[in-house]
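Engineer: Below you will find the structure I want to go over with you.
The values are calculated or read from the model by the stated rules, or taken from the named source; none is laboratory data. Given the structure is predicted, the values throughout are model-derived calculations rather than measurements. Here Cβ is always computed from backbone atoms with ideal geometry, including for glycine, and neighbour counts include all displayed protein chains.
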Amino acid sequence: MSPFSKGCPIDLDALKAAGLNSRENSERLLAEHNAKLRLHWDLVRKFYAHYEPKILAAGANEWGMDTYAWDHEAKIVLTPIEASLWHDIRAADAVLYPQYPVDRFFVDFGNPIAKVAIECDGKTWHQDKAKDDVRQSLIEARGWTVYRFTGSQCHSIEVAVAIRRIAEQHGIARA
């Protein structure tokens, strides 16, 4: 598992050996987790900043980079529902980049030219609907169209059909 995965591994034995009590453990674990997340998202931002000229030059319906460079260069780890949706995106031959930065946020899958984003709302990461609504409003204020699917929808055939429709509607299906 990547140290930047959404479920950052924690070495409990090392904490016990250091003699930290549970409050110190909690504070240290939270600080470590937050530091790893900041490093991860900084790496993803730098990755896309590097490839952005090529992505923009390629156009909305062509890849501006290796379609799996995000995996081995930026160490982006997809959740199970994102991986399922990625399969449908690839099957639809849609050009959507995983964990694409939009302003201070990251959309699960985005096309910066067509300004289309697809979000997978899993139970763990999307418990605060009001917060998600504010985030979506800010992304839409930047001119983006955001499509949301629940975690269970991301595993359904209906979402595969919806991805094809979205790709055609927004001109992000490869020619």
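Engineer: Can you work out which of the residues in the stretch 128-144 that are farther than 12 Å from ASP103 by Cβ and among the hydrophobic types (A, V, I, L, M, F, W, C) is modelled with the lowest pLDDT?
Structural biologist: ALA130
Engineer: Same structure, new question: What are the residue pairs meeting all of these: first residue in the stretch 157-175, first residue farther than 14 Å from ILE118 by Cβ, second residue of a type in the set (S, T, N, Q), Cβ atoms under 9 Å, and 6 or more apart or on different chains?
Structural biologist: GLY171/ASN61; ARG174/ASN61; ALA175/ASN61
Engineer: Right, LYS75: closer than 22 Å to PHE47 by Cα, in contact with a strand residue (DSSP E or B) (Cβ under 9 Å, 6 or more places away or on another chain) and basic (Lys, Arg) or not?
Structural biologist: Working: closer than 22 Å to PHE47 by Cα: yes; in contact with a strand residue (DSSP E or B) (Cβ under 9 Å, 6 or more places away or on another chain): no; basic (Lys, Arg): yes.
The answer is no for LYS75.
Engineer: Pick from the stretch 144-175 the residues that are farther than 20 Å from ALA83 by Cβ and over 19 Å from the mean Cα position of the chain (by Cα): which of them is surrounded by the fewest Cβ atoms within 10 Å (Cβ to Cβ)?
Structural biologist: ALA175
Engineer: Output yes when any residue across the stretch 4-15 is assigned to a helix (DSSP H, G or I), modelled with pLDDT under 85 and of a type outside the set (A, V, I, L, M), and no when none is.
Structural biologist: Taking the stretch 4-15 as the starting set, the residues that turn out to be assigned to a helix (DSSP H, G or I) are 12-15.
Okay, now just the ones that are also modelled with pLDDT under 85, so 12-15.
After this cut, where a residue has to be of a type outside the set (A, V, I, L, M) as well, the list is 13.
So far as the stretch 4-15 goes, yes, one or more of its residues are assigned to a helix (DSSP H, G or I), modelled with pLDDT under 85 and of a type outside the set (A, V, I, L, M).
Engineer: Okay, moving on. Under 6 Å between Cβ atoms, which residue pairs at least 6 apart in sequence (or on different chains) link something in the stretch 130-145 that is under 13 Å from ILE118 (Cα atoms) with a partner that is modelled with pLDDT of 95 or more and not hydrophobic (A, V, I, L, M, F, W, C)?
Structural biologist: Final answer for the pair search is TRP144/LYS115.
Engineer: Give me the pairs: first residue in the stretch 92-104 and closer than 13 Å to TRP41 by Cα and touching a residue at least 12 places away in the same chain (Cβ under 8 Å), second residue small (Gly, Ala, Ser) and buried (at least 21 other Cβ atoms within 10 Å of the Cβ), beta-carbon distance under 6 Å, and six or more apart or on different chains, which are they?
Structural biologist: TYR100/GLY110
Engineer: I need the full set of residues from the stretch 53-62 which are on the phi < 0 side of the Ramachandran plot and surrounded by 15 or more Cβ atoms within 10 Å (Cβ to Cβ), in order please.
Structural biologist: Here is the first cut: in the stretch 53-62, the residues on the phi < 0 side of the Ramachandran plot are 53-58, 60-62.
Once the filter is applied, which keeps residues that are on the phi < 0 side of the Ramachandran plot and surrounded by 15 or more Cβ atoms within 10 Å (Cβ to Cβ), the stretch 53-62 yields ILE55, ALA58, ALA60, ASN61.
Engineer: In addition: So ALA69 passes all but one of these: (1) more than 13 Å from the chain's Cα centre (by Cα); (2) aliphatic (A, V, I, L, M); (3) over 19 Å from LEU43 (Cα atoms). Which condition number does it fail?
Structural biologist: If we test ALA69 against (1) more than 13 Å from the chain's Cα centre (by Cα); (2) aliphatic (A, V, I, L, M); (3) over 19 Å from LEU43 (Cα atoms), just (3) comes out false.
Engineer: Could you grab me the full set of residues in the stretch 114-130 that are loosely packed, with under 14 Cβ neighbours inside 10 Å and under 17 Å from the mean Cα position of the chain (by Cα)? Give the derivation first.
Structural biologist: Pass one, the stretch 114-130, residues loosely packed, with under 14 Cβ neighbours inside 10 Å: 123-124, 127-130.
Scanning the stretch 114-130 gives LYS123, THR124, GLN127.
Engineer: Out of (1) surrounded by 14 or more Cβ atoms within 10 Å (Cβ to Cβ); (2) modelled with pLDDT of 85 or more; (3) assigned to a helix (DSSP H, G or I), the odd one out for LEU29 is which?
Structural biologist: Looking at each condition in turn, LEU29 falls short on (2).
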